[in-house]
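I have placed the structure first, in the form of structure tokens, so that the comments after it can refer back to it.
The values are calculated or read from the model by the stated rules, or taken from the named source; none is laboratory data. All values derive from a computational prediction rather than experimental measurement. Positions of Cβ are generated from backbone atoms using ideal geometry, with glycine treated the same way; all protein chains shown enter the neighbour counts.
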Amino acid sequence: MNILVINSGSSSIKYQLFDMSNNSVLASGIIERIGEPESILKHRWLKSDGRHEKISLTQKIAGHKEGFQWIKRVAEDTGLSNKLKELFGIGHRVVHGGEIFQEPAVVNDEVIEAIQKMSALAPLHNPANLTGIEAAFKDYPDVPQVAVFDTAFHQTMPAHAFHYALPYELYKDYHIRRYGFHGTSHQFVSKQAALYLGRPLKELNLITLHLGNGASAAAVRGGRSIDTSMGLTPLEGLIMGTRCGDIDPSLPFYIAQRSGLSTNDIETMLNKESGLKGISGVNDMREIISRAEKGDDLASLSIGMFCYRIKKYIGAYYAVMGSLDAIVFTGGIGENSAIVRRKSCEELEGLGISIDENKNNSSSLKAREVNQDNAPVKVLVVPTNEELEIARQTVETILAAK
Ligand code: AMP
């Protein structure tokens, strides 16, 4: 049973072709710089002898439809035609499902219209996601397609967690509330954590920390998200690569008064020039750690701020759930940075959280624990795999609809 997973962005298309009989990746790739003079396609595939091969091509690709045709041609040229003929379904990552989608949905005209409506809440993402859906329909009209939403997992948040303390009409008129993102990743690592712990997910209280260039925390009780750090947009919450996370809401007005910058400029500043980059000058955590080790004070400050914010959310979500079974670190930083894990959990022994330095400093591609043996709360490092989760949810949704 083969599933194609597509993540269509404004100027890129990422794809993975899965064989769901053993969760193996038959092919994966990305087209970047769509619409620019030189688009780049990177394609990696599994050959019949079991080895992987990759190619990189450069060509002008004007739009997403052309991009899909290119992917199809490259897939055929690399011996994947039969695999594509056997497609059971196509799963699409869709960023915003608003309050309409609490689960993935088989794509039909109604679903497309609803995703279009939600574009007001995610103007950069939803239209690009739709372009992917339309292009895939054109090439595979008979293959069922499923939209898997970044926001859906957090739709279980209770009203007291998702409302902003703003005039209630804003919620009724414009759907202004907290939605949360990275849902597919929080859901995937929660399930993996339960498997690792050998306990039913229904019994577990987890804090999941997705720490990549974008970063968010979630309080997951019994497999359901009851709070998360991102809000109406991904700007709220943790400090990120280039996003500020939580700030005093008056700040944009104050910045405008003092600097004369427009609201657009300030929005760009908060999203693209702030966070780790705003303090240290760069957004890549590896580079920041290397600068800090060479004595760069602002790099050290940015790491300290990043981890302090995470620690505050750990405390808050512990209080929200009343007890805690495990903290789960994931994402490029969460999976790979021992320093960030250590600093985010330091001096939390009073909450039953203590890290074992040896375990924390070792690395593995598999789920593992880095807490001290006798610590009441497990601290897990779990590699995320949003594409595999989308593929699984695509299969489940198609089978449930049959
Ligand atoms: P993601 O968005 O999940 O791909 O994560 C990207 C972030 O992970 C970047 O800030 C990278 O610098 C960071 N990252 C990747 N590997 C490491 C590592 N070994 N140590 C620290 N940060 C890392």
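What to note about this one:
- Single condition Ala256 does not satisfy, out of (1) away from the ligand (no atom under 16 Å from the Cβ); (2) among the small types (Gly, Ala, Ser); (3) surrounded by fewer than 14 Cβ atoms within 10 Å (Cβ to Cβ): (3)
- Check on Asp297, at pLDDT 95 or above and surrounded by 14 or more Cβ atoms within 10 Å (Cβ to Cβ): no
- Residue identified as farther than 30 Å from Glu66 by Cβ, among the hydrophobic types (A, V, I, L, M, F, W, C) and out of contact with any helix residue (DSSP H, G or I) (no Cβ under 7 Å at 6 or more places or on another chain) among Ala159, Ala219, Ala128: Ala159
- Criterion: within 14 Å of the ligand (Cβ to nearest atom) and hydroxyl-bearing (Ser, Thr, Tyr) - qualifying residue of Ser354, Ser323, Ser337: Ser337
- Being surrounded by 13 or more Cβ atoms within 10 Å (Cβ to Cβ) and under 20 Å from the mean Cα position of the chain (by Cα) is a property that Val381 has.
- Residue list for the range 159-215, filter: within 16 Å of the ligand (Cβ to nearest atom) and among the aromatic types (Phe, Trp, Tyr): Phe181, Phe188
- Residue count for the range 360-385 satisfying the condition of being closer than 21 Å to Met285 by Cα and within 16 Å of the ligand (Cβ to nearest atom): 12.
Condition check ((1) among the hydrophobic types (A, V, I, L, M, F, W, C); (2) buried (at least 19 other Cβ atoms within 10 Å of the Cβ)) across all residues:
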| position | (1), (2) |
| --- | --- |
| Ala152 | yes, yes |
| His163 | no, no |
| Tyr179 | no, yes |
| Asn205 | no, yes |
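- Residue among Ala128, Ala147, Ala122 that alone is crowded, with 21+ Cβ neighbours inside 10 Å, part of a helix (DSSP H, G or I) and aliphatic (A, V, I, L, M): Ala128
- Scanning the range 205-225 for residues that are within 15 Å of the chain's Cα centre (by Cα) and not in a strand (DSSP E or B) turns up Gly212, Asn213, Gly214.
- Ile40 vs. criteria part of a strand (DSSP E or B), touching a strand residue (DSSP E or B) at 6+ places or on another chain (Cβ under 8 Å), more than 27 Å from Ile398 (Cα to Cα) and not basic (Lys, Arg): yes
- Test: residue in the range 264-276 that is of a type in the set (Gly, Ala, Ser), within 23 Å of the chain's Cα centre (by Cα) and either surrounded by fewer than 20 Cβ atoms within 10 Å (Cβ to Cβ) or closer than 30 Å to Asn205 by Cα (or both): yes
- Counted residues, the range 259-295 - those being assigned to a helix (DSSP H, G or I) and either away from the ligand (no atom under 16 Å from the Cβ) or touching a helix residue (DSSP H, G or I) at 6+ places or on another chain (Cβ under 9 Å) (or both): 24
- Qualifying residue in the range 72-90 (condition: touching a residue at least 24 places away in the same chain (Cβ under 8 Å) and under 29 Å from Leu235 (Cα atoms)): no
- Of the helices (runs of 4 or more DSSP H) lying entirely inside the range 298-402, the ones with 1 or more residues being touching a residue at least 60 places away in the same chain (Cβ under 8 Å) and under 20 Å from Thr184 (Cα atoms) are found at 331-336, 386-401.
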